[in-house]
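Notes for the one structure printed next.
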Amino acid sequence: MSDVLVEQLKDISILCVEDEEGIRKVIVDTLKYYFNEVYEACDGEEAYEIYEEYKPKIILSDIQMKNVNGIDFVKKIRKHDQQTTIIMLTAHSNEEYLMDLINLNINHFILKPLNLKKLNIALEKYVNKNLSEQINLSTDLVLDLHKRALIYKENQLISLRKREKDFLHMLYENKNSIVTYMQIEEELWIDKEMTTHALKSFIKELRSKLPINIIKNVPQEGYILAHI
């Protein structure tokens, strides 16, 4: 994997779910090369608690585990979340679960044993799908995820803070639906409670940086990306 792709993954969070401690340690140590935020769980029950608290962008999960298995864990997530990327580790003996996994909108499968080549393929697929360096927010406004900046009319560069970049990316990813206050708090205010005043101040400051207003407020619900 190229240095540019590795750099893009640094700000992404990932959860590794594996019940065999020795295998999990090897996977987690490998993931720490790519990601700054790596969480780990020994079964689906612990994994769901971590998912609810930290909302990782990627989940890498085994299927057969004690307590809550990988299938039941993913089913709980997919009841209300179709956005999180889920990569399943599967063995030949897991074919009985294949239809369940397809119906659960799994993003990628890795056949055991996991190795660097297989992991790189899965991560490159994620980057190509989710982290294209430049996103068109409007006709004249482009969000550059790698530079963490906006490009206006191809020549004006506007620097962004990480939370501002992440918020605009959220609006783009959910451009056909409303980004709710709850989503914003869960994904952007992970480390502390989001007050109404803090959110309003954040939006006001971000709007002041924008050459055109692409953030539309939906009263009592949240925000959407305005079509300009």
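Where a number appears in this text, it was derived from the coordinates with a stated rule and is not lab data. Predicted, not measured: the structure shown is a model, and the values here were computed from it. All Cβ positions, glycine included, derive from the backbone under ideal geometry; neighbour counts span all protein chains shown.
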*Cα-based Rg / Dmax (Å) for the chain*: 18.8, 56
*Leading residue at positive end of dipole, the range 11-111 (Cβ point charges), from Ser61, Asn105, Leu31*: Asn105
*Relative to the longest principal Cα axis of the chain, at what angle does helix 21-34 sit, 0 to 90 degrees, rounded to 10?*
30 degrees
*For the range 3-130, just the Cα atoms, rotate onto the principal axes and tell me the three extents in Å, largest first.*
38, 29, 26
_Where Rh is the Kirkwood radius over Cα pairs, Rg/Rh for the range 134-225_ = 0.94
*Only Lys, Arg, Asp and Glu count, each charged at its Cβ (+1, +1, -1, -1), so figure out the dipole size of the range 134-225 about its Cα centre, rounded to 20 debye.*
360 debye
*What range in the chain is the longest one free of trypsin sites (Lys or Arg not before Pro) that are in a loop by DSSP and have at most 15 other Cβ atoms within 10 angstrom?*
80-146
*Using only alpha carbons, build the gyration tensor for the range 98-158 and give me the equivalent ellipsoid semi-axes, biggest first, whole Å.*
35, 15, 6
_My understanding is that a pair violates if its Cα-Cα distance is over 29 Å; which of Lys55/Lys165; Lys25/Lys75; Lys153/Lys200; Lys76/Lys147; Lys76/Lys125; Lys66/Lys192 do that in this structure?_
Lys76/Lys147; Lys66/Lys192
